[in-house]
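First up is the structure itself, then whatever we jot down about it.
The values are calculated or read from the model by the stated rules, or taken from the named source; none is laboratory data. Keep in mind the model is a prediction, meaning the values are calculated, not measured. FYI the Cβ positions are ideal-geometry reconstructions off the backbone, even for glycines, and counts take in every protein chain you see.
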Amino acid sequence: MKVTTERQGGALSICVDGRIDGSNVVEFEEAVRAAIGDEDVVVIMDFGNLLYVSSAGLRAVLLTGKRLRGRKSELVLCSLSDPIRKVFEISGFDKLFAIHPTRGEALSSLAD
Amino acid sequence: MLNLVEEIVLLMIDDEGSFIPVRDTAFDHSVAGAVLMDLAFANRIDTDSDRLTVIDSSPTGSAMLDSALSLIASSEETRSPSAWIAALATDEARPVRDMALDSLVERGILERSGAKFLWVFERLRHPIVDDREERAVKRRIAGVLLSDDIPDPRDAALICLADACGVLPAIFSVQEIEKARPRIEQLRKLDLIGREMSGAIEEIERSIIVAMSYMPH
């Protein structure tokens, strides 16, 4: 798994390559925590290259969203492949977080 | 801090120190689900809908979890979460429930008392003697159910367990539960083990209803 970040259009984008599961979830959480600064009001998780997410990975995303909401910031998800999107939808994440087809659309929605 | 097994067993105790009457199936599956949830929160297992895998087989230090962990870790075949829930509900739920009662007694939350039943049999009761934990658990459940905040994953799991074993009517009125039903459904989806556990209980209860409908009147 590889985590990269980019600041663009007033948002922090966190891109994840590979898998998030029990074997690397701590590493994922640490990378995400280190990437998010106090000034980040919107965090976009770009899952375009996410190949697999287990329950441990879903919990880590949920906890990140909860932490951000607690400080009045927002977590937005984007670029999910169909199988990954299905996992997030079955787990009800689409009712808790905005999910956009692309990062561009996620950024555009911030401007609205 | 109590684990989910202890929390759900505590919620199942009524004012007289007996278990709230619920179907054995629901109780056993909820205890089995709670064991797997606790193991997941302790980073010992991970799941997706097809597989439950052990990521760390080192003991948690809690006997009520480590017996199941050892069983799963020593299994030669990879099973789904629902298969493990069914297996643990059959083999582990009762001993785990008793261990949870022992732990709650040791912590001074419950006391154990025996009462004669039909003058001969002794029925054990476990009245709550320190209700702070029970009140805290109920407050957490109410706090999550009555808000639309992003829940803590552990609280979502607890609500899933409470709903599956039918303890919510002992905490809330029928009207309150009806009002909170959309939120309960949302929280039930968040935890995969919880989803599989609720599905298994519903499936068994449907089978019972079907079987009863074929019984001669």
* **Residue count for the stretch B:1-53, restricted to those that are within 30 Å of A:PHE28 (Cβ to Cβ) and not polar (S, T, N, Q)** => 25
* When only residues in the stretch A:83-112 that are buried (at least 17 other Cβ atoms within 10 Å of the Cβ) and touching a Ser or Thr at 6+ places or on another chain (Cβ under 9 Å) count, which is nearest to the other protein chains (Cβ to nearest Cβ)? -> A:SER91
* **Unique match (being surrounded by fewer than 24 Cβ atoms within 10 Å (Cβ to Cβ) and farther than 23 Å from A:ARG19 by Cβ) among B:ILE72, B:ILE13, B:ILE8, B:ILE55** => B:ILE13
* Asked: Among strands (runs of 3 or more DSSP E) lying entirely in the stretch B:48-160, which contain 3 or more residues that are free of Cβ contacts under 8 Å to residues at least 40 places away in the same chain and within 14 Å of chain A (Cβ to nearest Cβ)?
  -> B:52-54
* Please state which of the following conditions A:ALA11 fails to meet, knowing it meets all the rest: (1) touching a residue at least 60 places away in the same chain (Cβ under 8 Å); (2) of a type in the set (Gly, Ala, Ser); (3) at the interface with another protein chain (Cβ under 9 Å from one of its Cβ atoms). => (3)
* Structure fact -> Expected single match for surrounded by 12 or more Cβ atoms within 10 Å (Cβ to Cβ), touching a Ser or Thr at 6+ places or on another chain (Cβ under 8 Å), over 18 Å from B:ALA32 (Cβ atoms) and free of Cβ contacts under 8 Å to residues at least 12 places away in the same chain among B:LYS189, B:LYS179 is B:LYS189
* To do: Taking the options A:VAL16, A:VAL53, A:VAL3, A:VAL26, name whichever one is of a type in the set (A, V, I, L, M), touching a residue at least 12 places away in the same chain (Cβ under 8 Å) and within 22 Å of B:PRO151 (Cβ to Cβ).
  => A:VAL53
* **Output for the stretch A:49-82, where each listed residue is more than 14 Å from the chain's Cα centre (by Cα), within 11 Å of chain B (Cβ to nearest Cβ) and surrounded by fewer than 23 Cβ atoms within 10 Å (Cβ to Cβ)** => A:GLY70
* Somewhere in the stretch B:108-121, is a residue within 16 Å of the chain's Cα centre (by Cα), at pLDDT 95 or above and not aromatic (Phe, Trp, Tyr)? -> no
* **Test set (1) part of a loop (DSSP other than H, G, I, E, B); (2) of a type in the set (Asp, Glu); (3) touching a residue at least 40 places away in the same chain (Cβ under 8 Å) - B:ASP28 fails condition number** => (1)
